[in-house]
Amino acid sequence: MLPTSKIQVTAALKRLRGLLQKVETMVQEDTYCPEVLEQILAMHGHLRHIQGIVLESHLHTCARKKLSSKTQHDAFVKELTHAIGLSKRS
């Protein structure tokens with residue numbers, strides 16, 4: 001993973017951890033459900049953000065090598081589409 005990506009992912013994970021703790025507290029305190037749902041949607045946003053950073057870093061590092069290899073190309077494409085949920089094949 002690119003060093004800048006590691007920094008970004010680590011920071012985003014810390015924010016996500018904070019949101020998770022907030023949601024847990026809200027559930028324990030019987031907070032109004034739509035407010036809990038709003039925080040859960042924020043968590044989804046953070047996860048999508050993290051996913052994007054990791055994918056971009058992967059494409060700049062590992063993918064470059066594997067896509068240029070005739071023997072690894074097809075397997076890599078299948079692996080990547082599976083990892084990002086574009087394919088339901090195993």
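The numbers here are math on the coordinates, done by the rules we state, and not lab data. For clarity, every value in this text was computed on a predicted model and none was experimentally measured. A quick note on method: Cβ atoms are made from the backbone with ideal geometry, for glycine too, and the neighbour counts reach across all protein chains shown.
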Per-region count, region 25-51, residues among the charged types (D, E, K, R) and more than 21 Å from the chain's Cα centre (by Cα)
3
I'm trying to understand the selection: among the residues of region 1-15, which are within 20 Å of residue 84 (Cβ to Cβ) and either of a type in the set (Gly, Ala, Ser) or assigned to a helix (DSSP H, G or I) (or both)?
5, 6, 8, 9, 12, 13
